[in-house]
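Step one of this worksheet: look at the structure below.
The values are calculated or read from the model by the stated rules, or taken from the named source; none is laboratory data. Keep in mind it's a predicted model, so treat the numbers as computed, not measured. All Cβ positions, glycine included, derive from the backbone under ideal geometry; neighbour counts span all protein chains shown. Accessible surface is based on the protein model in full, side chains and every heavy atom, while ligands, DNA and RNA are left aside. Shrake-Rupley method; radii C 1.70, N 1.55, O 1.52, S 1.80 Å.
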Amino acid sequence: FSLLWFCFRIGLGHGFTRDNPTIAYNSACYSLVSLVAFSLVAYLLTHPLSLPARVLTWKPLVFTGVISYGLYLYQVLLRETVTRSWPLSDRNAFWIDTPVLFVLAWASFTFYEKPLIRWGKKQAEDLC
């Protein structure tokens, strides 16, 4: 996949960069990312005892995956709030907003998402 990306980069030059996202760049890169993700999932399913599969069952990674929607949802809001409230660079703000972000995402999952999931499952059971 990397070799294919480099071939595109060499062949298309400045028309194939992140700074100049053309249709060719977006199409090829999204396709390559999809192929890499598919290959990784296929490998993990066919080799459940492999090192990568065992690493992905590590509790901190599983926890991060469980709260990942909250991490995605609140990251920009929290970073902007921190950097606009105090004269901090993004690098220094990281040390403040990351722990807060994890707590916020955990609280959102525990007190908002989880009850909604339970309610949705109950509604689906009632329909059956």
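Below, the figures for the structure above:
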item	result
Failed item in (1) more than 19 Å from Leu61 (Cα to Cα); (2) in contact (Cβ under 8 Å) with a residue 40 or more places away in the chain; (3) hydrophobic (A, V, I, L, M, F, W, C), with Trp119 passing the rest	(2)
Single residue of Phe109, Phe94, Phe38 found to be farther than 28 Å from Leu4 by Cβ and either touching a strand residue (DSSP E or B) at 6+ places or on another chain (Cβ under 9 Å) or open to solvent by 60 Å² or more (accessible area, probe 1.4 Å) (or both)	Phe94
